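Just so it is clear, none of the values below were taken in a lab; they were calculated from the coordinates. These figures come from a predicted structure and were not determined experimentally. In this analysis, Cβ positions are derived from the backbone assuming ideal geometry, glycine residues included, and neighbour counts consider all displayed protein chains.
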Amino acid sequence: MFLQERDKETLTNFLRENLLHPVSVKFFTQELECETCHDARLLLQEVVALSPLLKLEVYNFLLDKERVNAYGIDRVPAIVLEGEKDYGIRFYGIPAGYEFSGFVETMVWVSRRTTDCTEATKEALRTLSQPVSIEVLVTPTCPYCPQAVVLAHKMAMESDFVRSAMVEATEFPHLVQRYQVRAVPKIVINGVVSFEGALPEEQFLTWILKATNQ
């Protein structure tokens, strides 16, 4: 059990007040090869049980290749939060510690089918004409990371060209080495442009436009 009874009651009330439409929680796992997959699945089961608007679907990373390929999943554990469509929102690694709040907040935005991004941001994202991949590398002990994760996911909701992923750094050390992560949150765009810190929305958008030469 990950959530204490008091936490379950608080979260149940929060979800009842804030979720508007159904959210499909798709979980990709391979428990024989993945140390955190079992715990991630248990956590998701506890959360989904708290609201009738949440539905959990579990897929085997090795066996369910059609689903794995359809959602572009290349590592586990992986979580997709899907509303009326796939917004390109991914969580790689267990969303524990401070990241749990970012996970719950993202569920709320997906359930609302809209974000609170400024009109200027939405307009700028509508001008994108090429794919943008945002990876936000985090750790469970980083209090600033959820802000960066949620903002990246909002950007994905606002543009079909943007995909965003939370990456729990300690679970994927090869990415820590590849991106030379020395502090979190570390945001990597299209694998080449990167910055550190939970930047305000306008500055975050500037980096996205820079990565696409706009």
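Using the Cα centre of segment 63-171 as the reference point, and only Cβ charges (+1 on K/R, -1 on D/E), how large is the resulting charge dipole? Debye, rounded to the nearest 20. With only Lys, Arg, Asp and Glu charged at Cβ, the dipole is about 100 debye.
Which residue, Pro146, Pro22, Pro52, tops the fluctuation ranking in a GNM of the chain built on C-alpha contacts under 10 Å? Highest fluctuation of the listed residues: Pro52.
A Cβ-based charge dipole, computed about the Cα centre of segment 119-211 with Lys and Arg at +1 and Asp and Glu at -1, lands at about 220 debye. Compactness of segment 5-112, taken as the C-alpha radius of gyration over 2.2 N^0.38 Å, stands at 1.03. Cys residues of the chain that find no other Cys beta carbon under 4.7 Å: Cys117. If one computes the Cα centroid of segment 122-158 and of segment 190-214, what distance in Å separates the two points? A separation of 9 Å, based on Cα centres.
Residue ranges 92-102, 166-176 sort as 92-102, 166-176 when ordered by packing (mean number of other C-beta atoms within 10 Å per residue, highest first).
Quickly estimate the mean residue ellipticity at 222 nm for the chain, helices only: each DSSP H run with n ≥ 4 gives -39500 (n - 2.57), and the total goes over all residues, rounded to 500.
Value at 222 nm, helices only: -12000 deg cm²/dmol.
Going toward the positive end of the dipole of the chain, with +1 on Lys and Arg Cβ and -1 on Asp and Glu Cβ, which of Val48, Ala70, Thr121 do you reach last? So the residue furthest toward the plus end is Thr121. Its convex hull of Cα atoms gives the chain a direction-averaged projected area, equal to a quarter of the hull surface, of 11.4 nm².
Within the straight-line cut-off of under 12 Å between alpha carbons, the aspartates and glutamates reachable from Lys65 are Asp74, sequence neighbours fewer than 8 places apart in one chain being disregarded. For segment 119-211, the alpha carbon convex hull comes to 84 Å³ per residue, rounded to a whole number. Projecting the Cα atoms of Cys37, Asn60, Asn213 onto the charge dipole of the chain, computed from C-beta unit charges around the Cα centre, puts Asn213 farthest toward the positive end.
Between segment 1-40 and segment 48-102, the C-alpha centres lie 11 angstrom from each other.
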